[in-house]
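Let me begin by presenting the structure, written as structure tokens, before commenting on it.
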Amino acid sequence: MARITVTVDGVAYQEEVEPRLLLVHLLRDRIGKTGTPIGCDTGNCGACTIMLDGRSAKSCSVLAVQADGAEVLTVEGLAGPDGWHPMQRAFHEEHALQCGYCTPGMIMAAIDLLKDDPDPSEDAVRAGLEGNLCRCTGYSNIVRAVRGGARAMRDAGAVGDR
Ligand code: FES
Ligand code: FES
């Protein structure tokens, strides 16, 4: 067992973990962050995407011990005192989900994409989110939502915040 300290959505946790424990299982089973789903458990679908020290990561591809000392942000930590994060609002307004299983990972990956490209073209959004799969929507509304969320974040001066 290893003792780790990890900050998740602004709260510090100290946990005893087996070296083989995946970060996504720590988040869901130990910390209760079930808003981060598991789709494939093999790094392919992107459903489990979170921010690890400010950049997106597939939490089924990271060991919990690798997050020792790190800051993790999940979809559950995105909303602020004024309500939803602009990207969450954009997904709602553009009907960018059906079953919603891919949505937390899509939103986290989209916010990360904007850190490198605050005004992405449609092609740039599609390329940036190619590691995140959706079985339902056909992606068009997701692309529209990401571009709308990007616009809202630029207007709010929030690109790069989180
Ligand atoms: S559950 Fe992590 S990439 Fe699919
Ligand atoms: S909305 Fe169902 S997988 Fe994307």
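What to note about this one:
- GluC sites (Glu not before Pro) within the stretch 87-149: DSSP coil, no more than 16 neighbouring Cβ in 10 Å: 130
- 3J(HN,Hα) along the stretch 111-125: 5, 5, 4, 5, 5, 9, 8, x, 10, x, 6, 4, 4, 5, 5 Hz, from the Karplus curve 6.51 cos²θ - 1.76 cosθ + 1.60 with θ = phi - 60°, whole Hz, x for Gly and Pro.
- Alpha carbon centroid spacing (whole Å) that separates the stretch 141-160 from the stretch 41-58: 20
- Karplus (6.51, -1.76, 1.60) ³J(HN,Hα), θ = phi - 60°, over the stretch 85-91, in Hz, Gly and Pro reported as x: 5, x, 6, 4, 4, 5, 5
- Annotation: peptides 146-155, 131-140, 10-19, 42-51, ranked by per-residue average of other Cβ atoms within 10 Å with the highest first, follow the order 42-51, 146-155, 131-140, 10-19.
- Model label sites at residue 79 and residue 126, defined 7 Å from Cα along the beta-carbon direction, differ in position by 3.3 nm.
- Computed over the alpha carbons of the stretch 2-77, Rg followed by Dmax gives 10.8, 29 Å.
- Over the chain, dividing the summed -39,500 (n - 2.57) contributions of all DSSP H runs of at least 4 residues by the number of residues returns a 222 nm mean residue ellipticity of -8500 deg cm²/dmol.
- Projected over every direction and averaged, the convex hull enclosing the alpha-carbon atoms of the chain yields 8.7 nm².
Quick note: the coordinates plus some simple rules give every number you see, no bench work behind them. These numbers come from a predicted model, not from an experiment. Positions of Cβ are generated from backbone atoms using ideal geometry, with glycine treated the same way; all protein chains shown enter the neighbour counts.
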